[in-house]
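Written below as structure tokens is the structure these notes are about.
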2 protein chains.
Amino acid sequence: MGEEVKVFGAWGSPFSSKVELALRLKGVLYDYIEEDLNNKSSLLLQYNPVYKKVPVLLHNGKSITESIIILEYIEETWKAYPILPQDPNDKAMARFWVNFIDGKCSSAIRKVAFSPEEEREKAVEEACECLKTVESALNGKKFFGGDTIGMGLELLSSEKFPNLFKWTDDFVSCSIVTELLPPRDKLVAHIKAHLSK
Amino acid sequence: MGEEVKVFGAWGSPFSSKVELALRLKGVLYDYIEEDLNNKSSLLLQYNPVYKKVPVLLHNGKSITESIIILEYIEETWKAYPILPQDPNDKAMARFWVNFIDGKCSSAIRKVAFSPEEEREKAVEEACECLKTVESALNGKKFFGGDTIGMGLELLSSEKFPNLFKWTDDFVSCSIVTELLPPRDKLVAHIKAHLSK
């Protein structure tokens, strides 16, 4: 009997994309349900009553929420093609950078977009500090796959952040990522429309 | 040859206590190094250059930072006496509540202490909403051990949050927790001194 694997996601959401990417990397077949974030389905609210957000993974009737937690669940449930290193210390390092990028770094970048003009310079400075930290962590190392920092941010320049730029470039060049990521022009238009609301 | 296990912590920090508690629950012997947060040691800055915070776990010369990530590392490295459920779905639920309490809930509670008086009522309301969510999740269930929400917050009343109150009470009554937690009167004095700075 086949498994039931469903992803409730939203177009352009890096959090949904991460979950889809992990499933694809492991070769797990799933159904994708697109949510309208302005009119969330009763199923989404039922499966994620605390945050009411995408993504939600539904596996054989049980729901898992929060992209980082879903990734851990996917890793433990489908063991082939690991998405985290096997050594506990390397795994801790990988989790550290996922948390840093998803938490401090993402919120600093979001601030750049949402700050009033007079605060923007400071916000850009803070975001650059975060990216510099990631940049230096990448120095001479290969980053682990599975995160979606490579969304084509204006902040990213190859002069300022050569390691990060190269990683992003390598990451989005993988066919499995290319298939999943929305076309850049459409994504930029989508983000601009969202920001102007 | 014995293992080197060291915890860099700070008195009264629930994040340090969590790490110590996990090690004690698993029977792992460790050395504890108290950090002066007003004058951090060069070792702390070396081991946690990104956040410069306690706790840090040092295991055979390698450092792990961020309490949640340290707990995952401890769980994977010393497998006896698991601190997380074994079933992937139950484990995802446990991680969900750890994230919710450490993230949204903690920051709402911190806001109550740090808000200016005119914003305090709203902050209390938000914190109560968070606690209500945890309260209803505990309904008829036993919570998993390893989190330190039970620090004697004024917000916690047995009438408003009976499940949470009972869990807290049960949690702090365990001898392994009692041994570790600072005496309530000293902790309250410490927090008050911190708030009045």
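The values are calculated or read from the model by the stated rules, or taken from the named source; none is laboratory data. Since we're looking at a predicted model, the values are computed, not measured. So basically every Cβ, Gly included, is an ideal-geometry build from the backbone, and we count neighbours across all protein chains shown. Ligands, DNA and RNA are stripped out before the accessible areas are found, and what is left, the full protein with its side chains, is counted by its heavy atoms. Shrake-Rupley method; radii C 1.70, N 1.55, O 1.52, S 1.80 Å.
Here are the numbers for this structure:
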{"read-out": "For chain A: relative contact order, % (alpha-carbon pairs under 8 angstrom, 6 or more apart)", "value": "21"}
{"read-out": "With all protein chains modelled, accessible area of B:ILE33 [1.4 Å, Å²]", "value": "50"}
{"read-out": "Rough spin-label spacing in nm, given labels placed 7 Å along Cα→Cβ, for A:LYS132 and A:LYS79", "value": "4.4"}
{"read-out": "Shielding by other protein chains, B:91-103, mean Cβ within 10 Å", "value": "4"}
{"read-out": "Cα-projected label distance for B:ASP185 with A:ASN89, points at 7 Å along beta-carbon direction, nm", "value": "4.5"}
{"read-out": "Cα-centre dipole for chain A with unit charges at Cβ (Lys and Arg positive, Asp and Glu negative), debye to 20", "value": "140"}
{"read-out": "Extent along principal axes [Cα atoms of segment A:5-77; Å; largest to smallest]", "value": "31, 24, 19"}
{"read-out": "Spatially proximal aspartates and glutamates relative to A:LYS104 (Cα-Cα < 16 Å; intrachain offsets below 8 disregarded)", "value": "A:GLU125, A:GLU126, A:GLU129, A:GLU135, A:ASP147, B:GLU66, B:ASP102"}
{"read-out": "Share, in percent, of DSSP beta bridges within the protein assembly as shown that are antiparallel, nearest 5", "value": "65"}
{"read-out": "Cα gyration tensor of the protein assembly as shown - equivalent ellipsoid semi-axes, whole Å, descending", "value": "34, 26, 24"}
{"read-out": "Anchor B:LYS79: lysines whose Cα lies under 27 Å away (excluding residues fewer than 8 positions away in-chain)", "value": "A:LYS26, A:LYS62, A:LYS79, A:LYS91, B:LYS6, B:LYS18, B:LYS26, B:LYS53, B:LYS62, B:LYS91, B:LYS141, B:LYS142"}
{"read-out": "Between B and A, accessible area buried - total, square angstrom, nearest 100, 1.4 angstrom probe", "value": "2100"}
{"read-out": "Per residue solvent-accessible surface (Å²) - segment A:11-103, probe of 1.4 Å", "value": "45"}
{"read-out": "Global size of chain A as Cα Rg and Dmax, reported in angstrom", "value": "17.3, 59"}
{"read-out": "Efficiency of FRET between B:GLU121 and A:LYS62 - r from beta-carbon atoms, R0 35 angstrom, step 0.05", "value": "0.35"}
{"read-out": "Order of exposure, largest accessible area first, which applies to A:SER175, B:SER13 with probe 1.4 Å", "value": "A:SER175, B:SER13"}
{"read-out": "Percent accessible area from carbon and sulfur atoms, chain A, protein chains only, probe 1.4 Å", "value": "55"}
{"read-out": "For segment A:21-108: relative contact order, % (alpha-carbon pairs under 8 angstrom, 6 or more apart)", "value": "21"}
